[in-house]
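Bear in mind these aren't lab numbers, they're just calculated from the coordinates by the rules spelled out. The structure presented is a predicted model; accordingly, all values stated were derived computationally and were not measured. FYI the Cβ positions are ideal-geometry reconstructions off the backbone, even for glycines, and counts take in every protein chain you see.
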Amino acid sequence: MTLKRFSRRKFLQLLATGIGVSLVYFWDKMMENALLVASRKKIVFPLTRKIVSFYRDYLVINQNHNIKVLSSHCTHLGCIINKEENGKLICPCHGSEFDLKGNAVKGPAYKPLHSYPFKEDNNDRRIIVQPTSS
Amino acid sequence: MKQPAENIRFKTTYGQISLALFVYVLITGILLAVPFNVNKPYASISTLMVMNPWASFIRNMHYWSAQFFLIFSLLHMYDHYRKQRETGLKPGIGFRLSLGVLVIFMAMLTGFLLKGDADSLQARQILGSLTTGIPVFGKFLSASLLGKEGSFQLIYVHHIATFTIFLAVIIIEHSRKFWPKASDFVAAFLVLALVSWLFSAPLHDNLNPTVKGPWYFVGFQEMLHWLSHPEWALLWILFLLVLVYFANSGKITLSFFSKRTLFIFTVLYLLLTVIGLFFRGEHWQWIAPGQKNYHYSVMNNFKTERVDFHPGFSFAQAAETPLIQGKKESCVVCHNKVHGFTKAHNPKVIGCFSCHGGNPFATNKNQAHENMILIPGNLSNTQQSCGTAGCHPAISHRINTSLMTTLSGMISVDRTVFGEQINPDLLTNIHHLKHSAADEHLKNLCIRCHLGNPKTILGPVTEKSRGGGCLACHLNYNNRASRAIAAHQKDRNDTAFLHYHPSIDLNVSDNHCFGCHSRSGRISTNFEGWHETSLLAQQIPDSENYRLVEGTRVFKKEPEDVHHKLGMECIDCHNSYALMGDGNHYQHEENQEDVQCTDCHFPGVPRTTTSRELDVESATIAALRFGKITGHDYLTTHKRHHALINTTVRSDTAWLTTKNSGKIFLLRKPATVCLASAHKDVTCTACHSAWAPSCIGCHNAYDPNERGFNMLTNKEQKGSWVEYTGQYLAELPALGIRQNKGKNEIIPVIPGMILTIDRQSYTHHKHDSLLFRRLFAPASPHTTASKGRSCKSCHNNSVALGFGKGLLKYQIKNGQGRWTFDPAYENNPHDGLPEDAWTGFLQNRTGMVSTRKNVKPFSVKEQEKILLVGTCLTCHKGNSKVMQESLNDFEKILQHRSPKCILPVWSKK
Ligand code: FES
C-alpha cells in the first residue's frame, strides 16, 4: 500500500517534470527558429559624407572614405550610442566611450563595438550589410 | 498564511494597502489600454498628455498606484521580517514569494518600457543584455521577454498578462483575499487622486541627453556603471532573491542573517539611488548641484506637470497639430501661426521645444513656459538648443574653441603688456579670467566682444550688439518681424511679434560682424572704408564723408576695400571652420584663420577638390546656398585644405560667387611683380593694404571712483580702468617681420600699443612703477587695393620702416651718401624713441617689441637692405626698366651700376 502510493506520487512527479522539460524543449526549438527568421534581413544604408551616421542599430563611420559599419549597441549593456563628441562615440547610459574604429577608450565597456562586414555599392552610393548575429 | 485571518482583517497593514493599490493598478491599467497604442507608444502617450487630460490623469493614477504598490509591498515585507513572522514558510510558497518580488519589478519595468521614450528605449537594451547574459537560455529568454526590436507587442503582453496574472495569483495565495478593506480602498483613492492630479508620470522629452532608468533602478544603474562585466550584476540579483527566500523559508539563524543582509543592502541601495538620481547627469557623469548645466542634466528628470482639466487650448486646435519628432507637442498648439522660419527650422518639423525648451507636454501657459529658453542660441544654452544631438552638436562643441569665444590672444597679450606673463602666445580662455590688474582691465574695457556674452534682449543684430552665441551671426529679422518686435518693445501689450519669428539662417551679413569688428583693429569699418576719428558726435561735419556709429563714434571716409567695392562680404572669404572654430584652440587670429589671399589669387595651378570629396558641413552649406552641387570643383585653402564652397574651378580658371548676393567674379592671378624673387617674402597684405588705422600715445590708469562696467558679468561697478586715447591716424601701415615656420615674412603692422599703464593705481604696490610699452601688432587691415603700394612707400618711407613719421632723406656730401632721419615726434622719455616709432633709425630693437613672440621690427641689416633699394629709388622711378630688372637680380644691377650712382655708407658719421 505505502509502496503503491509512493510510486504513484513519484510517477506523477516524474510526469510533471517530463512535461515541464518538454515545454522548455518546445520553447527552445521555437526560439531558435524565431531568431533565425528575424536575422535574415539585409540592410542598406546610403553612403553619405557624414563622418558618423547614426542609425538605430548601426553606426556608419566614414573617415576619408575609410568606411566601417559598427553596431550602435554599447558593449557594456547594449545601450544605443547616439552621440559623437570630438571623435569619440559616447554611450548615454553609463558613459562608455569608443573611438571611431569602435575600440573602447573609456569604461565600463571594454570590448570593441561589433563591426559588420558590408559591401559598398559605389554607383548607387550605398552600403549593404548582411548582419550575422552580433 | 500563518497569522490568523481575523488578526489582520480589521487592521490596516502595509499589505492591505498594497492590495488596494494593486486593484487600482489593474483598473487604471485596463482604462489606459484604450488611449494607449502599442504600435506608437511614445506618440500615443504624448498625445494623451496634450489632448486628453482625463487620460493623462488615469495614466498618472496607474503610475502612482504602481509606484506606491512597490513601496508598500516592500514595506510589508520589511514589516513581516521585523515582527519575526513568516519564517519557516513552506519552500514552495517561499519560492513563489521571492519570485513574486522579482515579478513585481518585472511588471513595473515593462510598464516603464511601454512609454517608448528615450529612457525606455535604453532601459530596454539594458534589460535585454542582462537577460541575454543569463547562462544557457539567456538569449532565448531575452527574446521571449522583449520580442522584436522596435516592437512593443510582447512587452505589452507580459505587462498586462504574464506578470499581472502571476502577481495576482501570488497575492491571492499570499493574502487569501480578493478585496482590500473598504476604508483602505477609499483612503488610497484619495491620496492617489491628489498625487495624480499634482504630479504627472514621467515622459522623457527625447531631447535631453541624460537618460535614466526608473527611480527604483537608478541605484542599479549606478552599480552597473562600475561593472565592466555586468554579468556579475545577475549574480547579485540571484543572491538577493536567495536572501529573500531564506528570509522567508530559512532556518532561524539563516533567516536572521538573510534579513540583516537584506536590510544593509537596502540602506546601501538607497544611497546609490540618491547618487544616481541627484548626482549623475549626461553620460552618467558625476555632477553636483551648482555645477554648470546641473538643472538641465539632473533636475529636468523630475520635471512634472499638474494635470490641467481645462487646457489653454481647444481639443480641435490640438488635433490639428502634427506629431513633431514622434511626439505631440503642446507648444505648437498655441503658437500655431508663426511665420519667418527657414525650412529646416520650421516648427512643424522641429516644434518650438527643440530650441526654446520649456515643457512640451504641459497644457497651460505657465507650466509650458517653465524653464523656457527665451533666447536660444546663447552659448550658455546651446547644449539644450542649437547643439542638441539631432541638430548641430558638433558645431556647438567647436564654437567653444573658436577665438571669438575664448579670446585667447586678447587676454594673453593684455596680460603680457601688464607684465603678468612673459609669453603673449599662451593659450588661455575667457573662463580663466581672475582679478589681476590685466584681467580687470580686460573686464572693464575689452571683453564684451565674445560669443559667450549672452544676448538678453529680443530684436535684430545692430551696431551695438555684442556676442549672442549662434545668434550673433545667424539671426535675421525681416521687416515685418523687426516692426513687430519694435512695436512690442514700445507697448508690452502688442504681441504681434509672436507671429513673426526671426529667421535663423545662413545669411550672415557684414552687419552681423560689425558690432565687434568695428573696434580695435576695426576691420569691419576699414573694409567698408570708414576710419574712426577723435571727433565727438556733436562735432560731426555735415557731409556724407562722415558717419556716426553707435551714436557716439565719428568715422571719416577713406578708400574701401576692393572686395567690398565689388560687393563681397565677410563670409565670402571667411569659411565656417575659420569662424566657428575647427575644434582646435588657437592663440591668435592669424593662427585660427584658414583663408589666405593666395587661395583665390593663386599663381599657377589651383588646388581643388570635387563636390564628392566635400565634408558634410561644406556640402550642406553649399547645397543650401547654391542648390545642386554635383560635379562641381572647388578651390581649397592652402593651410587646412578646406573647400571654398563659393568658388568654381574649370580648367585652371577660378570664379567666386558671393554667398548672399550671387555675384560672380573671375579670380585674378597675382601680378608678375608679386612673383618676383625680390619680393618672395613679402605678403600680399604688406603691399596691398591701402591704409590702416593706428593710434599712438594712449594711457591706461585705474580710477577707483570711476563708474565702470564688468563686461564679463555685465554689471556696473565702482572703480574701473580708464583709457585715455591719443591720436587716430589712417595711413599706410608700417612693415615688420614675422617668423613663420622658419621663414621670414614681411607683414603690415600697426601700433598695437604704445602706451603707459599706471599699475600702481590698481595694485597700490609701492614698487609697481609706471609701465611703458612700445609694441606693434601684426595687422590684417582689410583695406585691400588692387594696386599695390609704390616702391618708394616702403623703401623710402620712415613709417614703413618703423621709424615713425619724419624726414627720411638721402644726402650725398663729399661723394659719400648717407641716410638721415629727422623724426616728427618728440622722443619719449621712457625709451628715447620718437613717440610713434617702432624701432630707432638704423638701430636694432629687441626684447618685448610686439604683441607676438614671432613678430619684430626690421633689424639694422634689414633696414639697410631696404634703404639700399630706396637709394636707387631716389633717382630711378619704380617702374623704370632698371628697377624692374632689379626685382629679379638686384646684385647684378648693383655690380653694373654707373659711376654716378653713389651707394650709402652706413656708419654713423
Ligand atoms: S550600456 Fe553603454 S556604458 Fe553601459
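Key figures for this structure:
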read-out: Shielding by other protein chains, A:71-83, mean Cβ within 10 Å; value: 6
read-out: HN-Hα J in Hz across the range B:796-812 - Karplus 6.51, -1.76, 1.60, θ = phi - 60°, x for Gly and Pro; value: 10, 10, 5, 5, 4, 7, x, 8, x, 5, x, 9, 9, 10, 9, 10, 10
read-out: Placed amide H near residue B:372: partners under 5 Å, 5+ positions off or other chain; value: B:358
read-out: Normalised contact order of the range B:519-558, rounded percent, pairs of Cα under 8 Å and 6 or more residues apart; value: 41 percent
read-out: Sum of side-chain charges, residue B:487 neighbourhood, beta-carbon under 15 Å (Lys, Arg +1; Asp, Glu -1); value: +2
read-out: The protein assembly as shown - mean residue ellipticity at 222 nm from DSSP helices (-39,500 (n - 2.57) per run, n ≥ 4, rounded to 500); value: -11500 deg cm²/dmol
read-out: Rounded to 5, the percent of DSSP beta bridges in the protein assembly as shown classed as antiparallel; value: 90 percent
read-out: Charge dipole of the range B:118-196 about the Cα centre (unit charges at C-beta), most positive-ward option of B:120, B:168, B:186; value: B:168
read-out: Amide proton proximity set for residue B:533, modelled H, under 5 Å, gap of 5+; value: B:554, B:555, B:556
read-out: Label point distance in nm, residue B:545-residue B:102, each placed 7 Å from Cα along Cα→Cβ; value: 9.3 nm
read-out: Interchain or long-range residues, amide H under 5 Å from residue B:500's placed H; value: B:339
read-out: Length added when fully stretched, residue B:431-residue B:813, from 0.36 nm per residue minus Cα-Cα; value: 131.4 nm
read-out: Long pairs among A:119/B:628; B:337/B:365; B:443/B:556, criterion Cα-Cα beyond 19 Å; value: A:119/B:628; B:443/B:556
read-out: Percent of beta bridges antiparallel (DSSP, chain B, rounded to nearest 5); value: 90 percent
read-out: The range B:337-412 - percent relative contact order, Cα under 8 Å, separation 6 or more; value: 18 percent
read-out: Test item: A:85-95 mean partner chain Cβ contacts at 10 Å; value: 6
read-out: Over chain B, relative contact order from alpha-carbon pairs under 8 Å, at least 6 apart, %; value: 8 percent
read-out: 11 Å beta-carbon shell around residue B:143, net charge (K/R +1, D/E -1); value: 0
read-out: Gyration tensor (alpha-carbon) shape descriptor, the range B:548-601, a/c threshold 1.5; value: oblate
read-out: Equivalent ellipsoid, the protein assembly as shown (semi-axes from 5 times Cα gyration tensor eigenvalues, Å); value: 74, 31, 28
read-out: Spin-label zone in the range B:770-804 - amide nitrogen under 16 Å from a point set 7 Å from the Cα of residue B:877 along the C-beta vector; value: B:790-793
read-out: Using θ = phi - 60° and Karplus 6.51 cos²θ - 1.76 cosθ + 1.60, couplings along the range B:532-545 (whole Hz; Gly, Pro as x); value: 6, 10, 9, 5, 8, 3, 6, 8, 5, x, 7, 8, 6, 7
read-out: Net charge contributed by nearby residues that have their C-beta within less than 12 Å of residue B:832 (K/R +1, D/E -1); value: -1
read-out: Longest DSSP-loop-exposure-free segment, trypsin sites (Lys or Arg not before Pro), chain A, at most 10 other Cβ within 10 Å; value: A:43-134
read-out: Sorted largest first, extent of the range B:505-604 alpha carbons per principal axis (Å); value: 47, 32, 28
read-out: Computed over the range B:807-881, the ratio Rg/Rh where both radii use C-alpha atoms and Rh is Kirkwood; value: 1.03
read-out: Chain B: C-alpha gyration tensor shape, a/c 1.5 cut-off, then a/b vs b/c; value: prolate
read-out: Projected label distance in nm at residue B:709 and residue B:372, using a 7 Å step from Cα toward the beta-carbon; value: 2.9 nm
read-out: Cα gyration tensor, the range A:8-129 - rounded (a/c under 1.5), prolate or oblate; value: oblate
read-out: Phi-based couplings in Hz for the range B:356-372 (Karplus 6.51, -1.76, 1.60; Gly and Pro marked x); value: 9, x, x, 10, x, 10, 6, 10, 10, 3, 4, 5, 5, 8, 5, 6, 6
read-out: FRET efficiency, 1/(1 + (r/R0)^6) with R0 45 Å, evaluated for residue A:120 and residue B:339 via beta carbons; value: 0.55
read-out: Degrees, to the nearest 10: B:53-82 long Cα axis against longest axis of chain B; value: 70 degrees
read-out: Potential lengthening between residue B:884 and residue B:279 on full extension [0.36 nm per residue; Cα-Cα distance subtracted]; value: 210.5 nm
read-out: In degrees, nearest ten, helix B:118-132 long axis to first principal axis of chain B (Cα); value: 60 degrees
